[in-house]
Amino acid sequence: MTRRRQHVPWKAAGTASETEHSADDVVRETGWVFNNVTGSELSLAEFVATGDNETVAYLEAFGVLSPDAERQTMVEIGSGIGRMTASFSRLFAKVIACDLDAAFLERCRETVAQFGRPERLQTSHVADGRTLGLPDSSAELVFSYITLQHCHHDDGIALSREAVRVAKPGGCIALNFRTWVPQDVVLWPAGKVVRASWRLPRLGPVIAQRRLPARLGWQANRLTPKEVLATIGSSLDDVRIFRGPTRRGFGLPGTTDRTFEGVHRSHWWVVATVK
Ligand SMILES: C[S@@+](CC[C@H](N)C(=O)[O-])C[C@H]1O[C@@H](n2cnc3c(N)ncnc32)[C@H](O)[C@@H]1O
């Protein structure tokens, strides 16, 4: 199996999450890798509440929350410890949470057991970081948030293809990516240096668990709508590209330009129906 540098901080956080006694301790130690919030008083309940707000906001803005959701299956690529998964399990009949790190998936089950509908949850380990262990046409919705930007470029593309493969014909994908911003003149080379440092014997694992270098190093690719749609566009209908209102439109022929204030300036989403 390919050993990607990009996997290092997630494996390090996953291993850290395994050693904590309570779910609240997991949030205090590793919660920052998901929603950038730190503090010694953080609790799992507060962590999950941030996900509750975001799931419904995104699904409604994208028009992918069907009145039939209670009878539908959704796949979440990059669930982490279940910040959004608990909410998804209350909305959909079945949720398949997929993640690179098996320990996160174990914690995700605990989170959903406390705050969601555990009987609706299935987990799926993305062992190679690029292949979903799910059959074709498994779900009405495939969703991914702040995950594809953390993958090796080729794995981000591979997982986009996988999202299309596991969505049912007539189902939807809603995938979040990161693209270029002017600050990348500094951020991109700094990130490369950090990712190289993660391979250093002994020191690497320590650096990988530090918040500042991790944040610089883990945004491992920049993908544009043009590049992603060159791969999956022919399998899609009604392609909408969502961006933040302060960013200029991508102007990609065959797509509809949409804005949503919840989208970060460096992010964009492809929301589309699978043919
Ligand atoms: C920033 S977290 C986001 C988690 C969740 N979407 C949320 O918003 O709380 C990114 C997640 O993606 C997972 N991840 C990173 N690379 C991955 C890959 N190649 N395949 C699957 N999951 C991956 C990490 O383990 C981590 O749980």
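Please treat every number below as a calculation from the coordinates, not as lab data. Since the structure is predicted, the reported quantities are computational estimates derived from the model, not experimental observations. Because the Cβ atoms are built from the backbone with ideal geometry, glycine has one as well, and the counts that use them run over all protein chains shown.
Quick notes
- Sparsely packed loop sites in region 17-112 (the GluC sites (Glu not before Pro) outside DSSP H, G, I, E and B with at most 13 other Cβ atoms within 10 Å) comprise E41.
- Shape call, the chain: gyration tensor on alpha carbons, a/c limit 1.5: oblate
- Helix-only [θ]222 nm of the chain, DSSP H runs n ≥ 4, -39500 (n - 2.57) each, per residue, nearest 500: -12000 deg cm²/dmol
- Rounded, prolate or oblate (a/c below 1.5 giving rounded, otherwise prolate when a/b exceeds b/c) for region 51-186 by Cα gyration tensor: rounded
- Reachable lysines from K168, criterion Cα separation under 18 angstrom, eight or more residues apart if same chain: K94, K275
- GNM remark for the chain: springs join alpha carbons under 10 Å apart, and the peak mean-square fluctuation among T19, T111, T224 falls on T19.
- Among the trypsin sites (Lys or Arg not before Pro) within region 1-48, those in coil by DSSP and having at most 15 neighbouring Cβ atoms inside 10 Å are R3.
- Of the beta bridges in the chain, as assigned by DSSP with both residues counted there, near 35 percent are antiparallel.
- Burial ranking of peptide ranges 148-157, 113-122 (average Cβ count within 10 Å, highest at the top): 148-157, 113-122
- Burial ranking of peptide ranges 266-275, 161-170, 185-194 (average Cβ count within 10 Å, highest at the top): 266-275, 161-170, 185-194
- At the listed q of 0.13, 0.23 Å⁻¹, the Debye profile of region 23-124, built from one uniform point per Cα, gives log10 I(q)/I(0) equal to -0.41, -1.21.
- Each of W32, W198 was scored by other Cβ atoms within 10 Å of its Cβ. Listed from fewest to most, they are W32, W198.
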